[in-house]
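What follows is a single structure, written as structure tokens, with notes after it.
The values are calculated or read from the model by the stated rules, or taken from the named source; none is laboratory data. For clarity, every value in this text was computed on a predicted model and none was experimentally measured. Here the Cβ positions follow ideal geometry from the backbone for every residue, glycine too, while neighbour counts run over all protein chains shown.
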Amino acid sequence: MSRLVAAELLKLRTTRTFVVIVAVSLGLVALASVLALALGHFESQVDVASVLSNSGSAGLLILILGVIGMAGEYRHGTIGPTFLVTPARWRVVVAKAAAYALAGLAVGLAATLLGAVIALPWLSAKGVDVSLSGADLSRIFFGGLLYSAVSGAMGVGLGALMRNQIAAVVVVFVVLFIADPLVSGAFSDYGKYSPSGVSLALTTLGAQDGAPFEEIVPFWAAALLYCGYAASLVGSGILLVTRRDVL
Amino acid sequence: MIAVQSLTKRFGSTIAVDDLSFEVRPGTVLGFLGPNGAGKTTTLRALLGLAAPSAGFATIDGRRYRDLQEPIRTVGAMLEGVAFHPGRSARNHLRALSVAAGIPATRAAEVLQLVGLAEVADKRVKTYSLGMRQRLALAAALLGDPAVLVLDEPANGLDPLGIRWLRDFLRAQAADGRTVLVSSHVLSEMAQTADEVVVIDHGRLIADATVAELTRRAGAAVRVRSPDAARLAELLAAANLAAESAGPERLTVRGAPSSAIGQIAAEHGIAIHEMTDEARTLEDVFLELTGPPGGRPQ
């Protein structure tokens, strides 16, 4: 399995997609940090935590990276040679999910560090007191990393399930930006368990004013739920990929 | 040894492969022929574990592809069409396959050299011509130095030099004792490459023979041009040789050597302006076997 993960990481490194996605992720993090710091009001430590928690924007791009990594093999026809090397197709999907989780972890770490490098000096220049407890800091730090890593695996699962990368990316946007807010509006309990609500719970300390979700689930529940969503996507992706002919 | 046994593949109500059986023995090149859409690619994909047969099975050395211990060290396969990420270089494409299969990195450079892509190995595949992509696909098939080769339309996109190179290469592989299964929709490509041919159409086996047998079946013909063609035809008929008129002053004679025709003409003082031996090509036999070309849009 480690050979397969290494091969997937090599594939990831050898096209421009990865470089572009990393650059866009870090660019977004820098932009979001600068905007938040320039325009935001920092009245509570929840606000401070939110500017320090940057994996949210990176996570979405990592999810898309995972989708492209899996569905792209179908798009370019490389899935054939890939399955010829590894006829046990579930191993390919699992290795890919692991590789994209590692990539997500790396991008999440870079995003978090970049955000901190921008925000900490700026906050101190603004005279904002950063008095987050160690527990809170490690929660947003590790929560963000978990979110980024699991997003990579989730993208692979979705890519395996959909095979068409454009359709899969559209599904991501529809779920996060249309379905989740709409359904949450109709059934208020849905919001905190939705993918959007769970990712918020993983990456922030609490809902801010104007956030689409007023309530968030506890951190451990968010971690379990997000991993559960990813695992069910990867699992159903494996079932489909194993059954469908590659033609 | 490749064995296809009663293989059937249905897509909904369409039968792509219909109860097909054949074998490929070590040390031989088998040309797998049929018009486009005959079911060749589906058969090969079923053999390679990429498509699940509806009935029957296909094995390599007695095992189904997915049960092979080290598949790409056992079977080298080249799939139909372009199967590369356009933004990845040839070398990196092969490296990724090697890493996954546990094949040493040096092997990628070896096979690139072998197929003549060493100089462009670090260029992205999107800059490659169709012929270069075919060579890269062949390089990938050779990565594991397998004893069995399964190649789907490897000659597509190759220039005449490339086709000749491929032919010599495949002959050399068979001479080394490897088992080579190579598909094509152009029979003449196979005439000098294959030892045996399997011809399918509409998913069904229509011929399983050696190239020599097929050529015999083709039969030879002699084209004759003579100002006295009609009389020559009568004389030939009298000698039990079938002559058909092929236009004014022209005859086509089957089943007789040109010497016999010339002898009869000389004995009766008939002038011959032209006499050409015309081996009916395998292409003709192929078209005869697979029906009139007008029957399909190709």
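Against the conditions (1) out of contact with any Asp or Glu (no Cβ under 9 Å at 6 or more places or on another chain); (2) within 8 Å of another protein chain (Cβ to nearest Cβ), where does A:Arg89 fall short? Just the number, please.
(2)
Being at the interface with chain B (Cβ under 8 Å from one of its Cβ atoms), assigned to a helix (DSSP H, G or I) and out of contact with any Pro (no Cβ under 9 Å at 6 or more places or on another chain) narrows it down to one of A:Gly80, A:Gly69, A:Gly27, A:Gly59, so name that one.
Going through A:Gly80, A:Gly69, A:Gly27, A:Gly59 in turn, just one is at the interface with chain B (Cβ under 8 Å from one of its Cβ atoms), assigned to a helix (DSSP H, G or I) and out of contact with any Pro (no Cβ under 9 Å at 6 or more places or on another chain): A:Gly80.
Report the residue count in the range B:261-287 for those that are surrounded by 15 or more Cβ atoms within 10 Å (Cβ to Cβ), in a helix (DSSP H, G or I) and over 32 Å from the mean Cα position of the chain (by Cα).
Residues flagged as surrounded by 15 or more Cβ atoms within 10 Å (Cβ to Cβ), in a helix (DSSP H, G or I) and over 32 Å from the mean Cα position of the chain (by Cα) within the range B:261-287 amount to 4.
Given the condition out of contact with any His (no Cβ under 8 Å at 6 or more places or on another chain), more than 9 Å from chain A (Cβ to nearest Cβ) and charged (D, E, K, R), answer yes or no: does some residue in the range B:12-22 qualify?
yes
Mind telling me which of the residues B:Ala58, B:Ala77, B:Ala38 ends up being more than 13 Å from chain A (Cβ to nearest Cβ) and in a strand (DSSP E or B)?
The conditions single out B:Ala58.
Here are the criteria: (1) within 10 Å of chain A (Cβ to nearest Cβ); (2) part of a loop (DSSP other than H, G, I, E, B). Tell me which single one B:Gly116 does not satisfy.
(1)
Would you mention how many residues in the range B:198-244 are in a strand (DSSP E or B), over 30 Å from B:Thr42 (Cβ atoms), of a type outside the set (D, E, K, R) and out of contact with any Leu (no Cβ under 6 Å at 6 or more places or on another chain)?
Looking only at that region, the number is 4.
If you scan the range A:39-56, which residues turn out to be part of a loop (DSSP other than H, G, I, E, B) and either farther than 20 Å from A:Leu176 by Cα or without any contact (Cβ under 8 Å) to a residue 12 or more places away in the chain (or both)?
Matches in the range A:39-56: A:Gly40, A:His41, A:Phe42, A:Glu43, A:Ser44.
Taking B:Ala155, is it assigned to a loop (DSSP other than H, G, I, E, B) and within 18 Å of B:Leu79 (Cα to Cα)?
When the stated conditions are applied, B:Ala155 passes them.
Given (1) away from every other protein chain (no Cβ under 14 Å); (2) buried (at least 21 other Cβ atoms within 10 Å of the Cβ), identify the lone condition not met by B:Ala108.
B:Ala108 satisfies all of (1) away from every other protein chain (no Cβ under 14 Å); (2) buried (at least 21 other Cβ atoms within 10 Å of the Cβ) except (1).
Determine which member of the set B:Leu44, B:Leu7 is modelled with pLDDT of 95 or more and either assigned to a loop (DSSP other than H, G, I, E, B) or within 12 Å of chain A (Cβ to nearest Cβ) (or both).
B:Leu44
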